[in-house]
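Heads up: the structure comes next, in structure tokens.
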Amino acid sequence: MGRDPLDPRSRRRVDQRRWQRAAPARTQAILVPRWFKDATRIPSLAHDAGISIATAYRYLHEGIDVIADHAPDLHDVLAAAKEQDWPYVCLDGTLIPTAQLHGPPNVSGAESWFSGKHHRHGGNIQVLCDPSGYPVWVSPVSPGSTHDITAARRFVLPALTEITAAALVLLHLQRGSR
């Protein structure tokens, strides 16, 4: 990731000519939240900003990279939980629905991004919440066919075993099969 496209110093280094950017940082700072919050389609965002669709996609991905760079690390979150004496943390997995994706099949030969439990395509993420229920960390995305406990074993449990000596309890929210 490295470069922060919203940082003017970074733009001066990369953009040799001021006309290389189709729109100012303000436009990009408005475009990204509109896409997340309102699910505004890219052609509409591009039209409203007066930029091409390709530039709107590039600005959107640059903005998402900046947000991802500022996300907390799991070890930092667990250290803060230990320091603040949280009695427990809650872990829950959820499927983020997407358009149909085709990738390599999983071990059983089925589509890896299709969730049989939810009967739709999507990505599985694990969310760690503080005792009040506020999300404090989100895992990287796994294919929708990945079971919650498998994703938890991959992303959360190794880091949590380091903290268990501090008597921090993990509550894994398990819903029924349907």
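The values are calculated or read from the model by the stated rules, or taken from the named source; none is laboratory data. The structure displayed is predicted, hence computed values, not measured ones. Using ideal geometry, Cβ is built from the backbone for each residue, glycine included, and neighbour counts are taken over all protein chains shown. When the accessible area is computed, the model is the full protein with side chains, heavy atoms only, and any ligands, DNA or RNA have been set aside. Shrake-Rupley method; radii C 1.70, N 1.55, O 1.52, S 1.80 Å.
Each of Val89, Gly122, Gly50 was scored by the projection of its Cα onto the charge dipole of segment 50-126, and the greatest displacement toward the positive side belongs to Gly122; charges sit on the C-beta of Lys, Arg, Asp and Glu. Measure off, as a whole percent, the carbon and sulfur share of the 1.4 Å-probe accessible area of segment 41-88, all protein chains present. Heavy-atom surface of segment 41-88 belonging to carbon and sulfur, 1.4 Å probe: 55 percent.
A simple rule links phi to the HN-Hα coupling: the Karplus curve 6.51 cos²θ - 1.76 cosθ + 1.60 with θ = phi - 60°, which for segment 137-150 gives 7, 10, 6, x, 7, 10, x, x, 6, 6, 6, 4, 5, 5 Hz, with x for Gly and Pro. Backbone phi angles across segment 75-91, fed through the Karplus curve with coefficients 6.51, -1.76 and 1.60 (θ = phi - 60°), yield HN-Hα couplings of 4, 5, 5, 5, 5, 5, 5, 5, 5, 8, 6, 5, x, 6, 10, 10, 10 Hz in residue order; Gly and Pro are listed as x.
Phi angles across segment 46-62 convert, under the Karplus curve 6.51 cos²θ - 1.76 cosθ + 1.60 with θ = phi - 60°, into 3J(HN,Hα) values of 4, 4, 5, 8, x, 10, 6, 5, 4, 5, 4, 4, 5, 4, 4, 5, 4 Hz, Gly and Pro given as x.
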